[in-house]
Amino acid sequence: MHRLADAFDDQADALVDWLIEQAHRGDVGETAAVVGVVMDGGLTAGQAQRLHAAVDSLQGKQLLTLAALLGNITTWPLRQPGLARHFLSKAREAGADTAKSVRTEIVAATQLGTWTATNGVSPELESARTAAAAAAAAETDDELREDFENAHARYEATTTWIHRQRAEDDEDE
C-alpha cells in the first residue's frame with residue numbers, strides 16, 4: 001500500500017483532476033472506496049495543496065460530493081485543517097444548507113474507522129488525539145475549532161477507556 005500511496009502522490013495533479021471529475025458527476029459510492037484505498041495513508045501535502053486550489057472551481061453540490069469522496073480518508077481534516085477550513089468557507093458561499101452538509105462530512109472524516117491497541121496503547125488513537133489537539137489549538141474558524149475540540153474529546157475519552165481496560169486486565173491477572 002505504501003508504494004501505491006507514493007505513486008499517487010507523484011501523480012497528485014491527475015488524482016485531483018479525477019476527483020474533481022467525479023465530483024462533477026456526483027459519483028460517490030464506489031469512487032469513495034477507491035479514494036480510501038489510494039489515499040490510505042492520508043492526504044499528502046501535495047495532494048492537499050492541489051485539492052485546496054481545485055475547491056475554488058466547485059459549486060455547492062460538487063463541493064459536497066468532493067467532501068463525501070474524501071470521507072474514507074480518516075482524520076484528514078485534523079491533519080489538513082487548512083483544507084477543511086477552505087472547504088467550509090467555500091461551502092458557506094454556496095449557502096447555509098451546503099455549509100451544514102459539508103461540515104457534516106468534515107466532522108465524519110475526523111473519526112477513525114479502525115484502530116488497534118497493545119498493552120493499553122493505540123498508536124492510531126494517539127496520533128489522532130495529537131492531531132485533533134493541534135488542529136483545535138490553531139483553528140481560527142469557530143465552528144471548525146468546536147468540531148476539532150469535540151474530536152479531541154472523543155479521542156481522549158477512548159484513550160482513557162483503553163488505559164482503564166488495561167488496568168482492569170492487569171488487576172485480574
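The values are calculated or read from the model by the stated rules, or taken from the named source; none is laboratory data. Computed from a predicted model, the values in this text were never measured in an experiment. Cβ: placed from backbone, ideal geometry, glycine included. Neighbour counts: every protein chain shown. Note: areas computed on protein heavy atoms with side chains; ligands, DNA, RNA excluded. Shrake-Rupley method; radii C 1.70, N 1.55, O 1.52, S 1.80 Å.
Estimate the FRET efficiency between residue 137 and residue 100 by the formula 1/(1 + (r/R0)^6), using the beta-carbon distance for r and 35 Å for R0, to the nearest 0.05. Once the sixth-power term is evaluated, E becomes 0.90. Scalar couplings 3J(HN,Hα) for region 43-50, obtained by applying the Karplus form with A = 6.51, B = -1.76, C = 1.60 to θ = phi - 60°, are 5, 7, 4, x, 5, 5, 4, 5 Hz; x denotes Gly and Pro. The angle between the Cα long axis of helix 12-25 and the longest principal axis of the Cα atoms of the chain comes to about 70 degrees, rounded to the nearest 10.
Note on surface exposure: 38, 28 rank 28, 38 by accessible area, highest first, 1.4 Å probe. For region 61-73, backbone phi angles converted through the Karplus equation (6.51, -1.76, 1.60; θ = phi - 60°) give residue-by-residue couplings of 4, 5, 5, 5, 4, 5, 4, 5, 4, 7, x, 7, 9 Hz, Gly and Pro being listed as x. Projected over every direction and averaged, the convex hull enclosing the alpha-carbon atoms of region 1-85 yields 4.8 nm².
Report summary: the helix-based calculation at 222 nm, which adds -39500 (n - 2.57) for every DSSP H run with n ≥ 4 and divides by the residues of the chain, gives -24500 deg cm²/dmol.
Angle of helix 123-138 to the longest C-alpha principal axis of the chain, folded into 0 to 90 degrees and rounded to 10: 60°.
Note on residue 153 and residue 130: the extension gain reaches 7.2 nm, defined as 0.36 nm multiplied by sequence separation minus the Cα-Cα distance. Heavy-atom accessible surface of residue 158, to the nearest 10 Å², is about 40 Å², with a 1.4 Å probe and all protein chains retained. Take the alpha carbon atoms of region 38-90, find their center, do the same for region 103-173, and report the distance between the two centers in whole angstrom. Their Cα centres are 21 Å away from one another.
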